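Step one of this worksheet: look at the structure below.
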Amino acid sequence: MAMAGRAGAMPVPRAELKLVRLLSRCEALAAGRPGAGEWRLEKYVAALEEMLLELKKHSSKPAPEVLSEYSRKVDFLKGMLEAEKMSSSSEKALATQFLAPGRTPTTTKERIPATQTVHLQTQARYTREMRSELLDTEETSLRKRLGLLPEEKQSAADLDAVLQHHHSIQEKLAEEMLHLARNLKNNTLVAQNVIKQDNQTLSHSLKLADQNFEKLKDESSRLEQHAKKSVNWLLWLMLIVVCFIFISMILFIRIFPKLR
């Protein structure tokens, strides 16, 4: 994010440094193995919320867009935890679909924001869980249907049911994979657009900074020349005044000789 740019431009408050470190730690936990360290992640996210509130009240708080990005990432992590507690994979996938990950990297080591990576990984995991639940449900339903058939028709019904079952599973898997591929493509395009916009904004800011530096340099040069001219005029004026006083004294002595 932008943390490196802020640190190079002006000193970063200690409260913001703590928040960035904890936020990076939370993103790493969220990107790890599902369920690992979940209790720690909950505590960390709760601490992040408190630290964010304190940072907003800080005297040297960062720019509003930076605070907004911090809030966006904290809300995303909080939403991920809430989605993880839901009962079914379909509810988890639906809840995760509406979460908004961060737009900028948290640290300079990241090329793509970690929250976007976590978002894509979580969506893929919930899709796999939905597929597994679907296969288990279909298999259970198939066994129930086969159990109700008479024994003399069992073998023929088995073949037809198995073929129909595999055909329906293939269609549903194809639809789910297509849907997942579309989501991944859309999220990748959104991430690329955000990075492109950030690069354009950064380039524009650099151009403005260069222009301001050139203007400041020109104004400094003009001020220096003006100061030199002012000093020169003052020096010449003082010389003229001294010469005038000297000549006046000589004339005064000549015109009014010393009385005897």
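Structural remarks
- Among the candidates Leu216, Leu206, Leu239, residue that is over 28 Å from the mean Cα position of the chain (by Cα) and either within 30 Å of Thr104 (Cα to Cα) or open to solvent by 100 Å² or more (accessible area, probe 1.4 Å) (or both): Leu216
- The helices (runs of 4 or more DSSP H) found entirely in the stretch 1-112 that carry 1 or more residues being of a type in the set (Phe, Trp, Tyr), open to solvent by 50 Å² or more (accessible area, probe 1.4 Å) and at pLDDT 85 or above are 38-56.
- Residues of the stretch 165-200 that are free of Cβ contacts under 8 Å to residues at least 12 places away in the same chain and of a type in the set (D, E, K, R): Glu171, Glu175, Arg182, Lys185, Lys196.
The values are calculated or read from the model by the stated rules, or taken from the named source; none is laboratory data. For clarity, every value in this text was computed on a predicted model and none was experimentally measured. Glycine gets a Cβ as well: all are built from the backbone with ideal geometry, and neighbour counts include every protein chain shown. Remember, those area values only see protein heavy atoms, side chains included, never the ligands or the DNA or RNA. Shrake-Rupley method; radii C 1.70, N 1.55, O 1.52, S 1.80 Å.
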